[in-house]
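Let me begin by presenting the structure, written as structure tokens, before commenting on it.
The values are calculated or read from the model by the stated rules, or taken from the named source; none is laboratory data. All figures in this text were calculated on a predicted structure; none of them were measured in a lab. A quick note on method: Cβ atoms are made from the backbone with ideal geometry, for glycine too, and the neighbour counts reach across all protein chains shown. Accessible surface is based on the protein model in full, side chains and every heavy atom, while ligands, DNA and RNA are left aside. Shrake-Rupley method; radii C 1.70, N 1.55, O 1.52, S 1.80 Å.
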Amino acid sequence: LPLNAGVTWSLQYEWYFYLALPLLAAYASPRTTVILSCVGLVLAAHGTEAGIACFNFSLGMLAAVVRTRHVPDWVTGRVGRGVCLLCVASLLLGSGKQTVWSSLALGTLFIFVACGQDLAGYLSSRTARWLGAISYSVYLMHGIVLQIVMRNLNLRFPISQLSPVAFWEYAILAAGITVLLSAITYRYIERPFLTPPKAVV
């Protein structure tokens with residue numbers, strides 16, 4: 001794997017999205033979104049990477065439509081919390097590969113959270129909001145940190161010979177370094193570009 005864990009894979013889909021924006025804006029409507037979601041489901045059922053990506057994208061559009069409608073109380077209550085936990089469990093117990101079912105679980109979780117389900121306040125806590133703010137920096141930095149930490153570790157203590165406890169100690173160390181560096185890069189690189197410039201008088 002490249003040093004950055006190949007995180008640039010998403011750039012091609014971002015360009016597809018930007019190029020498709022004029023067409024999507026021209027035909028934007030709840031009905032069109034539902035139709036696109038059904039088309040995405042059919043494409044995803046064939047198991048192709050492009051089909052699953054299209055389905056995931058359509059679920060994101062569906063979330064934007066659903067949250068503008070009247071959201072039933074059960075979505076943000078205990079029932080919705082249970083649904084979200086079931087989705088998380090199915091993702092953790094799954095094969096780790098992108099499938100229609102994993103997309104449905106992730107899409108359902110995303111829609112519920114977008115509609116206000118905060119998992120008993122955990123997702124609206126100050127810590128969760130801070131981690132959410134630096135999440136893109138974490139995405140960009142985690143591969144680099146893992147490569148450096150694990151490569152140097154493997155040179156001194158072969159990873160295959162480490163006990164599970166020792167391995168996870170180093171993994172937690174790498175995670176802590178990643179969060180720290182991501183907070184720094186977010187504060188001094190990413191955030192300045194997110195802040196609207198002051199008006200010039």
Legend entry - Isotropically averaged projected area of the stretch 1-91, using the convex hull of Cα atoms (one quarter of hull area), nm²: 8.2
Legend entry - DSSP H segments from the chain that extend 18 Å or more along their own axis, Cα-based, with Kyte-Doolittle mean of 0.5 or above: 11-26, 30-45, 49-66, 78-93, 100-114, 135-156, 164-185
Legend entry - Percent carbon-and-sulfur accessible area, the chain, ignoring ligands, DNA and RNA, probe 1.4 Å: 70
Inset, instruction - Could you work out the local net charge near Pro30, counting Lys and Arg as +1, Asp and Glu as -1, over the other residues with Cβ closer than 14 Å to its Cβ? - result: +3
Inset, instruction - Please give the calculated 222 nm ellipticity per residue for the chain, where each DSSP H segment of at least 4 residues contributes -39500 (n - 2.57) and the sum is spread over every residue; nearest 500 deg cm²/dmol? - result: -22500 deg cm²/dmol
Legend entry - Taking only Cα atoms of the chain, radius of gyration then Dmax in Å: 20.1, 65
Inset, instruction - Using only alpha carbon positions, build the gyration tensor of the stretch 117-201, then give the equivalent ellipsoid semi-axes as the square roots of 5 times its eigenvalues, largest first, whole angstrom. - result: 33, 19, 7
Legend entry - Relative contact order of the stretch 56-201, pairs being alpha-carbon contacts under 8 Å that are 6 or more residues apart, as %: 23
Inset, instruction - Enter the accessible area per residue of the stretch 60-183 (Å², integer; probe 1.4 Å; all protein chains in place). - result: 66
